[in-house]
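Every number here is computed from the coordinates shown, using simple stated rules; none is lab data. Keep in mind it's a predicted model, so treat the numbers as computed, not measured. Cβ placement follows ideal geometry from the backbone for every residue including glycine, while neighbour counts extend to all protein chains displayed.
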Amino acid sequence: MATKAKPKSKAASASRSAAAKVKTAPTPVTPAVSNPPAKQAASSGFRLNPPKMSTFWASMTLGVVGLLVYLLHISKLLSFTWSSPLAFVLMLLAFVLLVLGLLVKGF
């Protein structure tokens, strides 16, 4: 015949009975997302493609040259009348080239 183990102290038995009486709140159920954001962006039809390395570096080169022309124009080391518009056009071309590389696949 098996004997039941007696609790060692009254405090241990009181904590066990108190733990048995505590009810836990049910966990809230979160609704499942039918279409995650990544799939929503892909289904909208607007995609950006990474540009080729040559397109990226050509864009960066044009941008740096445009920035240097502008800095030389500000410091009065390049005093041509067309140096400021040249810097603007170079920076604009760099931006347009980079955007085309993002929008047109394989560019």
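Here are the numbers:
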read-out	value
Residues Lys76, Lys105, sorted so that the one with the fewest Cβ neighbours within 10 Å comes first	Lys76, Lys105
Sequence-distant residues sharing a close amide H with Leu78 (under 5 Å, placed H)	His73
Separation of the Arg47 and Val99 label points, Cα + 7 Å toward Cβ, nm	2.2 nm
